[in-house]
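The values are calculated or read from the model by the stated rules, or taken from the named source; none is laboratory data. Just so it is clear, the model here is predicted, and its values are computed rather than measured. Positions of Cβ are backbone-derived with ideal geometry, glycine not excepted, and every protein chain shown enters the neighbour counts.
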């Protein structure tokens, strides 16, 4: 991830029950709670980064008393924001890095934490092209069920896959767009190896019948409609 800017060691943490932010993903958010409006102001006045965290199960009974979140978070940078009615904001975050919460820091109405950037592992040269080919087959299979993805769009996707230097981004992108369960997304977020993430992605796609075993392009896709974000 040589092109991504370094993340600050202290960042606001925005926990949600159903959102996992991957590197390179664009995440639209609506900010309306007073504490998070304060958070956004502080972020815009400083480094521009927010860590998105997923609540652990059982958060519903403890929402206003800072329920537990998973330690692995996606840190994103605000790339666009627009004021809305009654002091709300529409915000776009661009995922930048995986990070791990190391220490909570008091002092603001919202949660903030010291985080450590997580080192990610790309596949060795001997396995890169096999991984690329598997990801191309997954995308071919998944996009066949999307009516808005025509031949031109498929050619663009195929070109992007062929040119990708960091294959972990491709695994993240497929997971972000085609997995629905945030718990499954969190599992992939916590896997720092691209090969391990691909193994998990395949397992989840097979579980939900979004692909078939071996994903041969000449097979017909299953009848179930796949999720679309």
By residue number, the members of segment 81-94 that are touching a helix residue (DSSP H, G or I) at 6+ places or on another chain (Cβ under 8 Å) and either loosely packed, with under 13 Cβ neighbours inside 10 Å or in a strand (DSSP E or B) (or both) are 81, 87, 89, 91
Report whether or not residue 181 is in contact (Cβ under 8 Å) with a residue 40 or more places away in the chain, under 21 Å from residue 95 (Cβ atoms), within 19 Å of the chain's Cα centre (by Cα) and not assigned by TED's automatic domain parsing to the domain that holds residue 54.
no
The condition of being within 13 Å of residue 21 (Cβ to Cβ) and either without any contact (Cβ under 8 Å) to a residue 60 or more places away in the chain or not in a loop (DSSP other than H, G, I, E, B) (or both) holds, among 50, 101, only for 50
Would you call residue 24 in a loop (DSSP other than H, G, I, E, B), surrounded by fewer than 20 Cβ atoms within 10 Å (Cβ to Cβ) and either at negative phi or touching a residue at least 12 places away in the same chain (Cβ under 8 Å) (or both)?
yes
Of all helices (runs of 4 or more DSSP H) fully inside segment 144-229, the set with 2 or more residues that are closer than 16 Å to residue 131 by Cβ, at pLDDT 90 or above and touching a helix residue (DSSP H, G or I) at 6+ places or on another chain (Cβ under 8 Å) is 151-163, 167-178, 194-207
Considering segment 128-154, residues that are surrounded by 15 or more Cβ atoms within 10 Å (Cβ to Cβ) and free of Cβ contacts under 8 Å to residues at least 24 places away in the same chain, and then whichever is nearest to residue 203 (Cα to Cα), we arrive at 143
